[in-house]
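Here is the structure we will look at.
The values are calculated or read from the model by the stated rules, or taken from the named source; none is laboratory data. Here the structure is a predicted model, which is why all the values come from computation and not from measurement. With ideal geometry, Cβ positions are generated from the backbone for all residues, glycine too; neighbour counts draw on all protein chains shown.
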Amino acid sequence: MIKGIIFDLDGTTLNTLKDIHESFNKAFKEYGLEEKSLDEVRMGVGNGFRVLTKKLIPQDIQEELVEEIALYYQKTYAQNYYKNTRPYAGVSKLLSELQKQGVVLAVHSNKSDVFVKDLIARNFPEIRFTEVCGSLDGVALKPDPEGVYRILKLMGLSKKKSSMSETAKRI
C-alpha cells in the first residue's frame, strides 16, 4: 500500500501554463524575438526555466544572451506567476481525500522554490504537505532523484511505500 505521494507542480497539480507563456513572450518581445505559441511553451515545460529558454530561442543566439533572456523571463514571471494559475479540476478534492486517508503528501518541482511554496499555499491552504519544495541550491533538478530521496527521508518513507507523480504535459 502506498503511504506517501510526491506530486509535481506544473502540469500535474496546477495549470501554470498561461502565466509561463505570457512571461516568456514578454521576455522574447523585449529581446526582439518571435513570440511563441501556447503549444510551443507547453512542449518545453518541465526541466526549469533555463532549459525552457534554450528550447524556445533560436539556436544561433549566444549563450550569454540565453542567460540574459532566461533571467529577464524569471523577473517577469516573478511578477505574474499567480495571476492565471489554478488547480486542475478534481485535484483539490483528490488531495483532501488522500489526506483524510492518512497518505503523506509532498510537492517537488523544478520551478523556483519561492514560487512553489507560494503557489501551493495560495491554491491548497487546507492541505498539510510534509514538504513543498522547488529548485534549491546544491540539489540537482529532476529527473535526478536527489530531491525525491531528500523528501522521502522527511516523509519517513522508503521508495517502496511512496509514489511520484510526473509532469503530465497537459498544462
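Values as computed for the structure displayed
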| quantity | calculated |
| --- | --- |
| So Leu14, is it crowded, with 20+ Cβ neighbours inside 10 Å and at pLDDT 95 or above | yes |
| Yes/no for Ile5 being under 30 Å from Lys159 (Cβ atoms), of a type in the set (A, V, I, L, M) and not in a helix (DSSP H, G or I) | yes |
| Residue match in region 161-171 (condition: farther than 19 Å from Gly46 by Cα, assigned to a loop (DSSP other than H, G, I, E, B) and either modelled with pLDDT under 95 or basic (Lys, Arg) (or both)) | no |
| Among the candidates Glu131, Glu97, residue that is more than 18 Å from the chain's Cα centre (by Cα) and at pLDDT 95 or above | Glu97 |
| Some residue of region 74-91 being over 30 Å from Lys29 (Cβ atoms) and of a type in the set (A, V, I, L, M, F, W, C) | yes |
| Helices (runs of 4 or more DSSP H) wholly inside region 18-129 that include at least 3 residues being outside the structural domain of Ile151 (by TED's automatic domain parsing) and surrounded by 15 or more Cβ atoms within 10 Å (Cβ to Cβ) | 38-44, 49-56, 63-80 |
| Condition check for Ile6: crowded, with 21+ Cβ neighbours inside 10 Å and hydrophobic (A, V, I, L, M, F, W, C) | yes |
| Residue in region 146-155 that is among the basic types (Lys, Arg) and either part of a loop (DSSP other than H, G, I, E, B) or surrounded by 13 or more Cβ atoms within 10 Å (Cβ to Cβ) (or both) present | yes |
